[in-house]
Amino acid sequence: MRFQRACGVLLHPTSLPGPYGIGGLGSEARRYLEWLAQAGVSWWQVLPLAPPGPGNSPYAATSSSAGSPLLLSLGELVADGLLGPEDLHQAPALPDTYVDFESVRSFKGAMLQRAWTRFRDGAVTSLIEELPAFRLAQSAWLSDYTLFAAIRRAHDDRPWWEWPLELALHDDAAVAAWRREHAEHVAFEEFCQLLFDRQWKQLRAYGASLGIRILGDLPIYVAEDSSDVWAHRDLFELDQSGRPTAIAGVPPDYFSEDGQLWGNPLYDWEANERSGYRWWIERMRRALDLMDAVRIDHFRGFAGYWAVPAGAKSAKVGAWLPGPGRALFDALGRELGELPLVAEDLGVITPDVEALRDELGLPGMAVLQFAFSPAPRSTFLPYSHRSDMVVYTGTHDNNTTLGWYLGDAFEGERDFFRRYAVTDAHEPHWDMVRLALGSVADLAVIPHQDVAGLGTDCRMNTPSEPDGNWRFRITDWMMSDWHALRLGELVELYGRRPTPAAEPEEAPIPQPV
């Protein structure tokens, strides 16, 4: 696919401001969409919207297709009649500069249980009427996930391999019996997914009315403790007990001299091929049901992936193995049509990865924070960019640009950056934003932290560090009219503001002869 020349901003919905400890999909998100439109931004990029697992990472979700109940707007539930205004008076004092996930889970969980009781008692009949169509449309994943989530909750959120053996191994009779005996618990999880689907699609429609589209994120791998692995063991490299025989990671790279040991189970690509890639087709169908375009995280794994033996202590111990290549994408295309995808082609990129990306006609990525090593010259420097790519100042895994300049960059990089950008770097984040927006790349995406000029303490994630990530939130001053005006001036200057469609010319009225 090709993007029209445009600007995007990267901010996960958990990072939005709001009164209940975490960003949500209600008024705070609509206000953010209005701010983006004010700045002339055409794309809002988000991280995976799925329910986060241990460590609160959206990349370690308990489902690749479900939505996170933590994002549900309580204000919208009041508007729907599922909660009363008095219910929200019980909200604890929660921080507004970071997400306290445990406190948010406790409070929102109690509010959702209260909303469920009112729904079950028939308080909102319109929602009940929406259920059959929702079940049918999401049948590929909904039943597995809601059962998984209910069993997991009943077992104190322990991973599935710590459940009773019959349930852990997805014994058909045991699973069916548990579903019958705990039908209300399963129905509650289904209710939460209906709410998420409803709120997200209403928000997406509002964004579309403002000219804002959504760029989502689809990780190549899924978490071991997920409904995907639990319900589809045959598609992964697992032993008889359901545990991985090999796990995902990457060899030593920019982020870690020991490489990164992700721990995700690896796919049995032969089994996936025999199934006609059905699970992948349904996963992508759901992603495109929620997003206008999707960034595929770790695209290089489809050409070749780093396999580490289970139990290894370091990602250095591994080997490159061939991925499914074009066969997977051909299967997706046959069923779903042209795929609006972005290939995250960072890391150890070999000619086969570039060839696959180019054969599929997918835009790749450039990250400017990686561009300024004086020698050898980086292909991420703006003069090397292509139009069919997406340029970032940094991603969710990078430091903020201010943090990079003041802390991560060595003096040779800082000097090269100042000379290249012709700046004294008193505002290095705006210098980097200008370089990104001025690139020939069709789409330039700026993390909100760089628009607001925030430092290292406001980065979203530090790879290889398990604690303290994913908690960042913006406050009102970080999305001021001034920020929108300054970003908007650069968007206009570099031709990235969307142009309204021309009004069709009226045909001349025939005149009598």
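The values are calculated or read from the model by the stated rules, or taken from the named source; none is laboratory data. On a predicted model such as this, the values are computed, not experimentally measured, just so you know. Neighbour counts are summed over all protein chains in view; Cβ atoms, including those assigned to glycine, are modelled from backbone coordinates with ideal geometry.
Scan the stretch 346-360 for residues that are modelled with pLDDT of 95 or more and touching a Lys or Arg at 6+ places or on another chain (Cβ under 8 Å) and jot them down.
If the condition is that a residue be modelled with pLDDT of 95 or more and touching a Lys or Arg at 6+ places or on another chain (Cβ under 8 Å), then Val353, Leu356, Glu359, Leu360 are the ones that fit.
Does the stretch 292-324 hold any residues that are in a loop (DSSP other than H, G, I, E, B) and in contact with a helix residue (DSSP H, G or I) (Cβ under 6 Å, 6 or more places away or on another chain), and which are they?
Selection gives Ala303, Gly323, Pro324.
What tally of residues in the stretch 8-64 results from selecting those that are part of a helix (DSSP H, G or I), touching a Pro at 6+ places or on another chain (Cβ under 7 Å) and either farther than 20 Å from Ala452 by Cβ or not acidic (Asp, Glu) (or both)?
So the count comes out to 2.
Taking only the stretch 400-413 into account, find how many residues are under 17 Å from Gly453 (Cβ atoms), in a helix (DSSP H, G or I) and not hydrophobic (A, V, I, L, M, F, W, C).
5
Here's the yes/no breakdown for (1) touching a Gly at 6+ places or on another chain (Cβ under 8 Å); (2) at negative phi; (3) not basic (Lys, Arg):
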site: Arg135; (1), (2), (3): no, yes, no
site: Ala150; (1), (2), (3): no, yes, yes
site: Arg153; (1), (2), (3): no, yes, no
site: Gln193; (1), (2), (3): yes, yes, yes
site: Ala208; (1), (2), (3): no, yes, yes
site: Gly216; (1), (2), (3): no, yes, yes
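Any residue at all in the stretch 412-431 that's touching a residue at least 60 places away in the same chain (Cβ under 8 Å) and closer than 30 Å to Trp262 by Cα?
So far as the stretch 412-431 goes, no, none of its residues is touching a residue at least 60 places away in the same chain (Cβ under 8 Å) and closer than 30 Å to Trp262 by Cα.
Scan the stretch 325-341 for residues that are part of a loop (DSSP other than H, G, I, E, B) and hydrophobic (A, V, I, L, M, F, W, C) and report the count.
1
State all residues of the stretch 275-291 that are in a loop (DSSP other than H, G, I, E, B) and either basic (Lys, Arg) or within 23 Å of the chain's Cα centre (by Cα) (or both); if no residue qualifies, say none.
Matches in the stretch 275-291: Tyr277, Met291.
All but one of (1) part of a helix (DSSP H, G or I); (2) surrounded by 13 or more Cβ atoms within 10 Å (Cβ to Cβ) hold for Glu129; which doesn't?
Exception for Glu129: condition (2).
Hey, does the stretch 420-432 have a residue that's at positive phi, at pLDDT 95 or above and in a loop (DSSP other than H, G, I, E, B)?
Yes, some residue in the stretch 420-432 is at positive phi, at pLDDT 95 or above and in a loop (DSSP other than H, G, I, E, B).
Out of the residues in the stretch 240-267 meeting the condition of being under 15 Å from Ala307 (Cβ atoms) and more than 24 Å from the chain's Cα centre (by Cα), tell me which one is surrounded by the fewest Cβ atoms within 10 Å (Cβ to Cβ).
Thr245
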